[in-house]
Amino acid sequence: MTAEWKYAIRLSDIPESGIAECVIDGRIVALFTVENTIQAVDGICPHQGGSLANGSLHGCVIRCPWHGWEYDIHTGQHQSIPSVCIETFGTRIVNGCVEVKLS
Ligand code: FES
């Protein structure tokens, strides 16, 4: 399947925290505003399904709110388990809206 850009959220609707959760084509995607860029990752923690958008962001690392697994939001890489990596997605801004390139 070819990746397509999909509408995610209006920039003005992103909370002050810089973290938002969107449902795009039935997938839950977490968005993080970091250093004036927007990073998008799979919003569901592969451990037991915690919502990463409800986690806490430490630099470029998101900590799952349920049991503390941590992921680099740029690469998706788990911070201590090399075999665990969440999916990341490209983002762009079009007319004041965030679009995500789903794979
Ligand atoms: S569900 Fe995310 S760490 Fe357990």
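The values are calculated or read from the model by the stated rules, or taken from the named source; none is laboratory data. Not measured: the values here are computed from a predicted model. Here the Cβ positions follow ideal geometry from the backbone for every residue, glycine too, while neighbour counts run over all protein chains shown.
Okay, residues lined up against (1) at pLDDT 95 or above; (2) polar (S, T, N, Q); (3) away from the ligand (no atom under 14 Å from the Cβ):
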site	(1), (2), (3)
51	yes, yes, no
55	yes, no, no
61	yes, no, no
67	yes, no, no
72	yes, no, yes
76	yes, no, no
83	yes, yes, yes
87	yes, no, yes
* Take the range 65-93 and flag every residue that is free of Cβ contacts under 8 Å to residues at least 24 places away in the same chain and more than 15 Å from residue 41 (Cβ to Cβ). => 66, 67, 68, 80, 81, 82, 83
* Asked: So which residues in the range 2-22 are closer than 16 Å to residue 101 by Cβ and free of Cβ contacts under 8 Å to residues at least 40 places away in the same chain?
  -> 2
